Amino acid sequence: MLTRRNFLTGVIATGILGRSRSSFAKASQPATPVNFDIPTHACDCHTHIFGDPKEFPLPSARPYTPEATPPEEMSALHRALHMERVVIVTPSAYGADNSATLYGMKARGASARGVAVIDEKTPESDLDAMNRAGVRGIRIISGAGGQVDPAAARQRFQTYAERMKSRNWNVQMYTSLEVISAIKDLVQTSPVPVVFDHFGGAQAALGLQQPGFADLLDLVRSGKAYVKISGAYRASTQGPDYPDVVPFAKALIAANAHRIVWGTDWPHPNATASAKPTDLLQLFQIDDGRLLNQLAVWAPDPAIRKKILVDNPIRLYGF
């Protein structure tokens, strides 16, 4: 069986391509053409790779079982969206095993960066290897599923922010507005950049006045935090164009366009809470062309879109 340490060594030295297409499910591809000019070097800042489970086995204590998606499908997605660069994020299904993420980054080459998940057992040598491969941040998942422990969230954030200080990696959080409020003071003094996934966990149905959104806006406005306006379907109940998300995207961009990045959340894992962790979950079939077109609604000014798609990712991920 391929271990995490063996993979960390091998994936950086050699590519592991040429997989059997029959072993993979088919993730969604854009059905709608992009209707605005995409600037050169644009970046999709939130994607995932789910590898063939025979080569990238899932841990027994996983929260869900995803369908596999190869890097070739991600490349096809980005050709259709005119996205040159990508940030691949380790999903919760893999725990602290970043092998599939590193595989995807290797397949994509110099146009890819990564965000890893680590734990207290992750040695510095692994972080060194991942840094050489293009990893530029770690991801903390805390409170995103409804269970919130503010004290635990504060401790995890402090521990990992301090650990990343010498590397100047960012700390990315998939969390809730409640947790963001609980750690606001720590984010304000963080020694490394902080990034919040998916609109910071805001739910459009609860409105702009929902608890915690003002704290998120304050952190963005002050430049202390980045927000990914990604995975709009996670915040919205009004697909496929997500009109209920428009006020949130506009509010975040108006707060500080220099701290906003965009992402698809491809291949859209359907990690439903009602499913058994061992059940194979089908992927959401999201039209990412239609999703990207909403950015022109959220940010009508091409100069602002360039900040979101190009300039901010360069600053945050070191392209």
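With among the acidic types (Asp, Glu), within 29 Å of Thr32 (Cα to Cα), part of a helix (DSSP H, G or I) and more than 18 Å from the chain's Cα centre (by Cα) as the only criterion, which of Asp185, Asp244 stands out? Before you say what the answer is, go through the steps one by one.
Values: Asp185 fails: within 29 Å of Thr32 (Cα to Cα).
Unique residue meeting the criteria: Asp244.
Would you confirm, using the coordinates I've provided, whether Leu309 is open to solvent by less than 40 Å² (accessible area, probe 1.4 Å), more than 17 Å from Thr32 (Cβ to Cβ) and touching a residue at least 40 places away in the same chain (Cβ under 8 Å)?
Values: open to solvent by less than 40 Å² (accessible area, probe 1.4 Å): yes; more than 17 Å from Thr32 (Cβ to Cβ): yes; touching a residue at least 40 places away in the same chain (Cβ under 8 Å): yes.
Yes.
Using the structure shown, decide if Trp266 is open to solvent by less than 40 Å² (accessible area, probe 1.4 Å) and in contact with a Lys or Arg (Cβ under 7 Å, 6 or more places away or on another chain).
Details: open to solvent by less than 40 Å² (accessible area, probe 1.4 Å): yes; in contact with a Lys or Arg (Cβ under 7 Å, 6 or more places away or on another chain): no.
No.
Just to be sure before I move on: is Ala235 within 19 Å of Asp44 (Cα to Cα), open to solvent by less than 20 Å² (accessible area, probe 1.4 Å) and without any contact (Cβ under 8 Å) to a residue 60 or more places away in the chain in the structure I sent? Spell out how you get there, then give the answer.
Details: within 19 Å of Asp44 (Cα to Cα): yes; open to solvent by less than 20 Å² (accessible area, probe 1.4 Å): yes; without any contact (Cβ under 8 Å) to a residue 60 or more places away in the chain: yes.
Yes; evaluated as a whole, the condition is true for this residue.
Give the residues of the stretch 188-232 that are open to solvent by 40 Å² or more (accessible area, probe 1.4 Å), more than 18 Å from the chain's Cα centre (by Cα) and of a type in the set (S, T, N, Q), sorted by residue number.
Gln188, Thr189, Gln209, Ser222
Quick one: in the stretch 130-176, of everything that is part of a helix (DSSP H, G or I), of a type in the set (A, V, I, L, M) and open to solvent by 10 Å² or more (accessible area, probe 1.4 Å), which residue is nearest to Arg113 (Cα to Cα)? Let's see the steps before the verdict.
The first filter runs over the stretch 130-176 and keeps only residues part of a helix (DSSP H, G or I), leaving 130-133, 150-164.
Next, only the ones that are of a type in the set (A, V, I, L, M) stay: 130, 133, 151-153, 161, 164.
Pick out the ones that are also open to solvent by 10 Å² or more (accessible area, probe 1.4 Å) and you get 133, 151-152.
Numbers: Ala133: 8, Ala151: 31, Ala152: 28 Å.
Top of the filtered list is Ala133.
Condition check: open to solvent by less than 60 Å² (accessible area, probe 1.4 Å), closer than 23 Å to Arg315 by Cβ and modelled with pLDDT of 95 or more. Does Phe36 satisfy that? Quick ask: steps written out before the conclusion?
Numbers: open to solvent by less than 60 Å² (accessible area, probe 1.4 Å): yes; closer than 23 Å to Arg315 by Cβ: yes; modelled with pLDDT of 95 or more: yes.
For Phe36, the condition - open to solvent by less than 60 Å² (accessible area, probe 1.4 Å), closer than 23 Å to Arg315 by Cβ and modelled with pLDDT of 95 or more - is met.
Sort out which residues of the stretch 106-129 are under 28 Å from Ile308 (Cα atoms), open to solvent by 10 Å² or more (accessible area, probe 1.4 Å) and either among the small types (Gly, Ala, Ser) or not in a loop (DSSP other than H, G, I, E, B) (or both), and write them in order of number.
Those that are under 28 Å from Ile308 (Cα atoms), open to solvent by 10 Å² or more (accessible area, probe 1.4 Å) and either among the small types (Gly, Ala, Ser) or not in a loop (DSSP other than H, G, I, E, B) (or both): Lys106, Ala107, Arg108, Gly109, Ala110, Ser111, Arg113.
Give the residues of the stretch 300-319 that are under 22 Å from Ile88 (Cβ atoms) and among the small types (Gly, Ala, Ser), sorted by residue number.
Gly318
When the stretch 67-98 is examined, which residues are found to be within 15 Å of Asp288 (Cβ to Cβ) and in a loop (DSSP other than H, G, I, E, B)?
Scanning the stretch 67-98 gives His82, Met83.
Hey, among the residues in the stretch 269-295 that are open to solvent by less than 10 Å² (accessible area, probe 1.4 Å) and of a type in the set (A, V, I, L, M), which one's nearest to Gln238 (Cα to Cα)?
Let us first name the residues in the stretch 269-295 that are open to solvent by less than 10 Å² (accessible area, probe 1.4 Å), namely 269, 288-289, 291-292, 295.
From what is left, the residues that are of a type in the set (A, V, I, L, M) are 291-292, 295.
Details: Leu291: 12, Leu292: 16, Leu295: 16 Å.
The extreme case among them is Leu291.
The values are calculated or read from the model by the stated rules, or taken from the named source; none is laboratory data. Remember, predicted model here, so these are calculated numbers, not experimental data. Counting neighbours? That spans all protein chains shown, and the Cβs are built from the backbone with ideal geometry, glycine included. Accessible surface areas use protein heavy atoms only, side chains included; no ligands, DNA or RNA. Shrake-Rupley method; radii C 1.70, N 1.55, O 1.52, S 1.80 Å.
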